[in-house]
1. If the chain between Val29 and Leu300 were fully stretched, how many nm would it gain, using 0.36 nm times the residue separation less the Cα-Cα distance?
2. Give me the net charge of Gly80's neighbourhood, meaning all other residues with Cβ under 10 Å from the Cβ of Gly80; Lys, Arg count +1, Asp, Glu -1.
3. For segment 298-348, give the magnitude of the charge dipole about the Cα centre (Cβ charges: +1 Lys/Arg, -1 Asp/Glu; no others), in debye to the nearest 20.
4. Scaled to the compact-protein estimate 2.2 N^0.38 Å, what is the alpha-carbon radius of gyration of segment 22-87, rounded to two decimal places?
5. Tell me the net charge near Asp345. Cut-off is 14 Å between Cβ atoms, Asp345 excluded, with +1 for each Lys or Arg and -1 for each Asp or Glu.
6. Pairs to check: Lys234/Lys280; Lys105/Lys277; Lys197/Lys290; Lys197/Lys236; Lys34/Lys61. Give those whose C-alpha atoms are more than 20 Å from each other in this structure.
7. Short version: ³J(HN,Hα) in whole Hz for each residue of segment 99-108, in order, from phi by Karplus 6.51 cos²θ - 1.76 cosθ + 1.60 (θ = phi - 60°), x for Gly and Pro, what are they?
8. If you filter segment 295-349 for trypsin sites (Lys or Arg not before Pro), then keep DSSP loop positions with at most 15 other Cβ within 10 Å, what is left?
Amino acid sequence: MSKDSTKHTNTSGQAIDRFKKLQQKEVLVDPIFKGIITQDTTALSKGITLIESTQQNHIKKAQQLIEMCLPYANNSIRIGITGVPGVGKSTFIEALGNLLLQKGKKVAVLAVDPSSTISHGSILGDKTRMQSLVRSPMAFIRPSPSGSSLGGVAQKTRESIILCEAVGYDIIIIETVGVGQSETAVHSMVDFFLLLKLAGAGDELQGIKKGIIEMADALVINKADGDNQIRARKAKNQFRKALHLYPLTQNNWSPEVLTCSAIEGTGIEDIWKVILKYLKITSENGFFEKNRIQQNKFWLLQTIEEQLKKSFYNNPKVKAALDSKIEAVQQHKITPFAAARHLLDLNSS
């Protein structure tokens, strides 16, 4: 083995040793909590890392930290933003974030993206693209943990909101990758849900069919600049006509359709005005508070389901029998329902 190879191996081994020591290092909750309530973003990062940890000794401490921060939370505006990849979410978030910073607001950006086990969430790339936003001491951008369980990832994001609110962030933007059930998860943790669309992408009516309109409080046609302005206006009119077919929801709000160019910064002020208008209406009619209460109920039930699922698959008896039952089902020796019943009985025995 060459000297360079030996050196590389030693360096890698030392890095692994340092990581293991860091993992084993005792986490003290009080200093993190004190840092959070004194608006220390380093403490906030440590707190979110603690929440994201799957180590048993960290889970209890994370819960303790959340409970300590809870009296300082629930004082922000939570905005969810979704849209298909390529719609310009990161550019839009930076444009909106910079506008809010100019208005003296503190802005935190979190993400829900369980899709990647390699890149650990698309917002890692977004963080490098939001260069002006990430440099501001009034802004905080945090990538989401990666994982196969949407419920688990979303729950950690939901808990991270509490910590961000305890630090004093006025606006918390939650970004979703924009595919699958992540939209529903984000909708269940925000006050205002914004759907970004592209003009001329051929999905104007497809968006209606998906049912996303039922969740969206505003539709924004992005990249309405240059030669695309005519297509953007056409798409805006199409969506407006389609939305007239929908009755008012229980919050007494009809989703508005707007256009913007995030890269040029046009139309962003109008979008913020719509958000403020929505918040005023829903605060006055009581829906805002009612929605927050319903969301807490949702996350209670979601957490129970997630813990039951985790407990089931981690049960040694279930682990030992699962593969054989799957094989028996595949070979038509037993029905899926009978196999499931057997495994559930093992879990409760």
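Please treat every number below as a calculation from the coordinates, not as lab data. Note that this is a predicted model, so its numbers are computed, not measured. Positions of Cβ are generated from backbone atoms using ideal geometry, with glycine treated the same way; all protein chains shown enter the neighbour counts.
1. Working: separation 271, 0.36 × 271 = 97.56 nm, distance 2.35 nm.
Gain on extension, Val29 to Leu300, equals 95.2 nm.
2. Details: positive: Arg78; negative: Glu175, Glu183, Asp191, Asp217.
Combined, the nearby Lys, Arg, Asp and Glu give -3.
3. Numbers: 7 positive and 5 negative charges, 22 e Å.
Dipole size: approximately 100 debye.
4. On the way: Rg = 14.5 Å, N = 66, 2.2 N^0.38 = 10.8 Å.
In units of the globular-protein estimate, segment 22-87 measures up at 1.34.
5. Working: positive: Lys317, Lys325, Arg341; negative: none.
Around Asp345, the charge tally is +3.
6. Numbers: Lys234/Lys280 29 Å; Lys105/Lys277 17 Å; Lys197/Lys290 29 Å; Lys197/Lys236 10 Å; Lys34/Lys61 14 Å.
Table pairs above 20 Å Cα-Cα are Lys234/Lys280; Lys197/Lys290.
7. 4, 5, 5, 4, 8, x, 8, 9, 10, 10
8. On the way: sites: Lys297, Lys309, Lys310, Lys317, Lys319, Lys325, Lys333, Arg341; in loops: Lys333.
Sparse-neighbourhood loop trypsin sites (Lys or Arg not before Pro): Lys333.
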